[in-house]
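Q: Dropping the structure in here first, questions after.
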Amino acid sequence: PFMTTRRDFLKQMGTAMAVKAVVLPDDYNQYDLSFKMIVIGDAGVGKSCLTSQASKGIFEESYSATVGFEFLVFNVKLNEKVIKLQIWDTCGQELYRSLISSFYRNSSLAMMVYAINNKESFMHIESWLKEVKLQSNPDIKVFLIGNKSDLEEERQVTLEEAKTFKEEHGIHYFSEASAKNGINAKEVFIEAAKLLYLEHLKYKDVNFQKLGNDKNDVLIPVKVSKKNSNRKKGGCCG
Ligand code: GTP
Ligand code: MG
């Protein structure tokens with residue numbers, strides 16, 4: 001064991017993982033940990049394109065609205081652990097909303113997407129967030145993604161207003177991205193995997209043993225050995 005403060009420990013973990021993220025193919029069939037997440041936002045903002053760009057490296061120029069939902073997988077290796085994200089890509093249309101409430105309940109993370117060239121889709125983020133608060137577990141992590149960042153000349157939402165929204169609503173992560181040119185497409189899902197993995201470590205794997213008095217807050221992270229066997233065969237919807 002090494003001595004550190006809780007804050008430094010988590011900071012080091014974060015940095016180490018940023019260096020060691022390796023994206024794996026979506027059909028890679030082994031994993032150490034898996035998390036469910038949901039992608040939400042108005043119709044046409046690019047939820048499906050962003051997800052399939054990250055998962056499969058595919059971008060569709062022609063728009064075909066998602067009916068109900070689609071299931072995709074994003075695999076990434078972080079610090080020698082394979083993290084599998086099970087992604088529910090939902091449809092933005094009101095009609096199917098009731099279908100997806102069980103996905104909210106079972107998700108560890110909600111990715112809210114708007115398009116930077118569509119002010120209305122950004123204005124609606126507040127009501128998407130309400131939906132998350134209403135339907136999800138209280139400890140759900142929430143991401144905000146401004147998609148279509150390649151359409152700079154059509155921009156209707158500034159970086160500043162999105163960042164302000166993030167701060168004011170306690171959202172865990174914000175970034176702009178483009179499903180079209182791929183900028184930040186994989187990265188936002190890597191960030192999602194990192195955050196969920198960190199949370200997992202914080203509560204499941206690492207116990208902090210206190211040394212000395214309260215002021216110093218010196219802690220030793222102690223790995224709790226788990227029943228190993230947590231490397232499972234992957235499978236759809238597992
Ligand atoms: P619903 O399934 O109806 O809720 O829509 P969606 O949010 O899944 O949108 P989808 O991914 O189907 O994309 C809608 C349209 O926007 C398509 O024509 C895409 O080609 C286009 N699009 C998606 N992402 C981008 C992007 O990053 N840049 C540009 N320029 N176009 C994009
Ligand atoms: Mg879609």
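The values are calculated or read from the model by the stated rules, or taken from the named source; none is laboratory data. Note that the structure is predicted; figures quoted are calculated from it, not measured. With ideal geometry, Cβ positions are generated from the backbone for all residues, glycine too; neighbour counts draw on all protein chains shown. Just the protein is used for accessible areas: all its heavy atoms, side chains included, with ligands, DNA and RNA removed. Shrake-Rupley method; radii C 1.70, N 1.55, O 1.52, S 1.80 Å.
Q: Is it fair to say Tyr114 is in contact with a His (Cβ under 9 Å, 6 or more places away or on another chain), buried (at least 19 other Cβ atoms within 10 Å of the Cβ) and of a type in the set (Phe, Trp, Tyr)?
A: Numbers: in contact with a His (Cβ under 9 Å, 6 or more places away or on another chain): yes; buried (at least 19 other Cβ atoms within 10 Å of the Cβ): yes; of a type in the set (Phe, Trp, Tyr): yes.
Yes.
Here is a yes/no grid of residues against (1) touching a residue at least 60 places away in the same chain (Cβ under 8 Å); (2) open to solvent by 50 Å² or more (accessible area, probe 1.4 Å); (3) of a type outside the set (Val, Ile, Thr):
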{"site": "Trp128", "(1), (2), (3)": "yes, no, yes"}
{"site": "Leu144", "(1), (2), (3)": "no, no, yes"}
{"site": "His169", "(1), (2), (3)": "no, yes, yes"}
{"site": "Lys180", "(1), (2), (3)": "yes, yes, yes"}
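Q: Considering (1) open to solvent by less than 30 Å² (accessible area, probe 1.4 Å); (2) within 16 Å of ligand 2 (Cβ to nearest atom), say which one Ser136 fails and leave the rest.
A: (2)
Q: State whether the residues of segment 93-110 include one that is crowded, with 22+ Cβ neighbours inside 10 Å and among the small types (Gly, Ala, Ser).
A: Taking every residue of segment 93-110 in turn, at least one turns out to be crowded, with 22+ Cβ neighbours inside 10 Å and among the small types (Gly, Ala, Ser).
Q: Also, I was wondering about something else. Would a scan of segment 5-14 turn up a residue that is modelled with pLDDT under 95, out of contact with any Cys (no Cβ under 9 Å at 6 or more places or on another chain) and open to solvent by less than 30 Å² (accessible area, probe 1.4 Å)? Give the steps one after another, and end with the answer.
A: Residues of segment 5-14 modelled with pLDDT under 95: 5-14.
Retained after the next criterion (residues that are out of contact with any Cys (no Cβ under 9 Å at 6 or more places or on another chain)): 5-14.
Now restrict to residues that are open to solvent by less than 30 Å² (accessible area, probe 1.4 Å): 9, 14.
Yes, some residue in segment 5-14 is modelled with pLDDT under 95, out of contact with any Cys (no Cβ under 9 Å at 6 or more places or on another chain) and open to solvent by less than 30 Å² (accessible area, probe 1.4 Å).
Q: Return the only residue of Ile145, Ile190 being within 15 Å of ligand 1 (Cβ to nearest atom) and of a type outside the set (D, E, K, R).
A: Checking each option against the conditions leaves just Ile145.
Q: Let me ask you something else. Scan Phe59, Phe74 and give me the residue that is farther than 18 Å from Asp42 by Cα, out of contact with any strand residue (DSSP E or B) (no Cβ under 7 Å at 6 or more places or on another chain) and of a type in the set (Phe, Trp, Tyr).
A: After ruling out the rest, the residue left standing is Phe59.
Q: Ala65 passes all but one of (1) out of contact with any Lys or Arg (no Cβ under 9 Å at 6 or more places or on another chain); (2) among the hydrophobic types (A, V, I, L, M, F, W, C); (3) part of a strand (DSSP E or B); which number fails?
A: It is condition (3) that Ala65 fails.
Q: Of all the helices (runs of 4 or more DSSP H) wholly in segment 84-203, which have at least 2 residues that are within 29 Å of Gln30 (Cβ to Cβ)? Please lay out each step first, then the result.
A: Working: elements: 101-106, 119-123, 125-135, 159-168, 185-200.
Ranges flagged: 101-106, 185-200.
Q: Just to be sure, is Leu24 more than 11 Å from ligand 1 (Cβ to nearest atom) and either in contact with a Phe, Trp or Tyr (Cβ under 8 Å, 6 or more places away or on another chain) or modelled with pLDDT of 90 or more (or both)?
A: Yes.
Q: Mind listing just one residue for me: the one in segment 86-120 that is within 16 Å of ligand 2 (Cβ to nearest atom), out of contact with any Lys or Arg (no Cβ under 9 Å at 6 or more places or on another chain) and farther than 16 Å from Leu50 by Cβ and, of those, modelled with the highest pLDDT?
A: For segment 86-120, the residue satisfying everything is Gln93.
Q: State whether one or more residues within segment 50-70 are away from ligand 2 (no atom under 16 Å from the Cβ), crowded, with 20+ Cβ neighbours inside 10 Å and either over 17 Å from the mean Cα position of the chain (by Cα) or of a type in the set (Phe, Trp, Tyr) (or both).
A: no
Q: For Phe74, are the conditions met, namely being in contact with a Phe, Trp or Tyr (Cβ under 8 Å, 6 or more places away or on another chain) and modelled with pLDDT of 95 or more?
A: Yes.
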